[in-house]
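*Asks:* To start, I am sharing the structure in question, which I have written as structure tokens.
The values are calculated or read from the model by the stated rules, or taken from the named source; none is laboratory data. Keep in mind that this is a model prediction, so the values were computed, not measured. Cβ atoms come from the backbone with ideal geometry, glycine included; neighbour counts cover every protein chain shown. We work out accessible area using only protein heavy atoms, side chains counted, and drop any ligands, DNA or RNA first. Shrake-Rupley method; radii C 1.70, N 1.55, O 1.52, S 1.80 Å.
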Amino acid sequence: MECTVSWTGNSGTRSGMGFIAETGSGHVVAMDGAPDAAKPENGGQNLAPRPMEMLLAGTGGCTAYDVVLILKRGRHNVQGCSVKIVSERATEDPKVFTKINMHFTVTGQGVPASAVERAIAMSHDKYCSASIMLGKTAEITTSFELVEA
């Protein structure tokens with residue numbers, strides 16, 4: 001797996017702290033920094049997600065993918081899955097994530113709560129590389145709700 005991240009600051013873009021990531025699978029993702037009122041030249045224009053937001057989004061995608069796949073392999077009639085992630089970061093550099101809560105909403109017909117609980121646990125304990133890595137610095141908690149379709 002590979003990725004090339006390039007600063008767009010010298011290319012005449014609106015943001016002085018914008019970046020474009022080109023993934024090995026051929027996709028392009030924009031990132032930008034937060035505006036910095038004290039030193040505008042050091043801040044972004046809030047034109048795209050921040051890099052740390054992308055890290056959370058990738059983790060959410062990784063674990064939601066696992067949950068859906070595990071439920072489908074268990075022959076459960078899962079019709080939807082979303083995960084809302086709320087995090088806290090250290091106040092000093094490096095501002096790593098210190099707490100992360102992932103709240104899953106799983107929609108389906110007759111999906112047992114025990115199957116969802118098991119799928120989430122399997123993702124976090126065995127399959128989701130992203131959340132397992134983040135678990136080295138952050139306390140990760142999970143919760144879920146089932147919505148009958």
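*Asks:* Any idea of the accessible area per residue across the chain, 1.4 Å probe, to the nearest Å²?
*Replies:* Working: 9370 Å² over 149 residues.
Spelled out: the 1.4 Å probe surface of the chain, per residue, equals 63 Å².
*Asks:* A further question on this structure: Largest first, please: the extent of the C-alpha atoms of region 1-88 along each principal axis, to the nearest Å.
*Replies:* Principal extents (Cα only, largest first): 53, 30, 18 Å.
*Asks:* How much of the accessible area of the chain, in percent, comes from carbon and sulfur atoms when a 1.4 Å probe is used? Before the final figure, lay out the partial values.
*Replies:* Values: 5020 of 9370 Å².
Roughly 54 percent, rounded to a whole number.
*Asks:* Another question, if that's okay. Taking R0 as 30 Å, what's the FRET efficiency between Leu55 and Val147 from their Cβ-Cβ distance, rounded to 0.05? Working shown, then result.
*Replies:* Details: r = 28 Å, r/R0 = 0.92.
Computed FRET efficiency for Leu55 and Val147: 0.60.
*Asks:* Averaging sequence separations of C-alpha pairs under 8 Å and six or more residues apart, then dividing by the length of region 1-125, give the relative contact order as a whole percent.
*Replies:* Rounded, it is 16 percent for region 1-125.
*Asks:* Modelled label-to-label distance, Ala34 and Thr137, 7 Å Cα→beta-carbon offset: nm?
*Replies:* Between Ala34 and Thr137, the simple spin-label model gives 1.6 nm.
*Asks:* Name the longest site-free stretch of the chain, where the excluded sites are trypsin sites (Lys or Arg not before Pro) in a DSSP loop with no more than 11 other beta-carbon atoms within 10 Å.
*Replies:* Details: sites that count: Arg14, Arg75, Lys95, Lys136.
Result, exposed sites excluded: 15-74.
*Asks:* Which of Lys95/Lys126; Lys39/Lys99; Lys39/Lys95; Lys72/Lys136 have a Cα-Cα distance over 23 Å? All intermediate terms of the calculation are to be shown ahead of the outcome.
*Replies:* Working: Lys95/Lys126 26 Å; Lys39/Lys99 29 Å; Lys39/Lys95 20 Å; Lys72/Lys136 29 Å.
Where the Cα-Cα span goes over 23 Å, the pairs concerned are Lys95/Lys126; Lys39/Lys99; Lys72/Lys136.
*Asks:* Something else: Hey, how much of the P(r) for region 3-149 falls beyond 27 Å, as a percent of Cα pairs?
*Replies:* 36
*Asks:* Take every DSSP beta bridge whose two residues both sit in the chain, then give the antiparallel share in percent to the nearest 5.
*Replies:* Of those bridges, close to 70 percent are antiparallel.
*Asks:* Sticking with this structure for a sec: Got a sec? Charge dipole of region 1-140, +1 on Cβ for Lys and Arg, -1 for Asp and Glu; which of Ile20, Ile85, Gly33 is way out at the positive end?
*Replies:* Ile85
*Asks:* If you stretched the chain out fully between Arg89 and Lys72, how much longer would it get, using 0.36 nm times the residue separation minus the C-alpha to C-alpha distance?
*Replies:* Working: separation 17, 0.36 × 17 = 6.12 nm, distance 3.39 nm.
Extending this stretch completely gives an extra 2.7 nm.
*Asks:* Just to be sure I understand the model, the point goes 7 Å from the Cα along the line to the Cβ. What's the resulting Met1 to Val96 distance in nm?
*Replies:* 1.9
*Asks:* Separate question: Quick one: net charge of Ser143's neighbours, Cβ under 15 Å, K/R +1, D/E -1? Write out the running numbers ahead of the final one.
*Replies:* Details: positive: Lys84, Lys99, Arg118; negative: Glu117, Glu139, Glu145.
Spelling it out: positives minus negatives among the neighbours equals 0.
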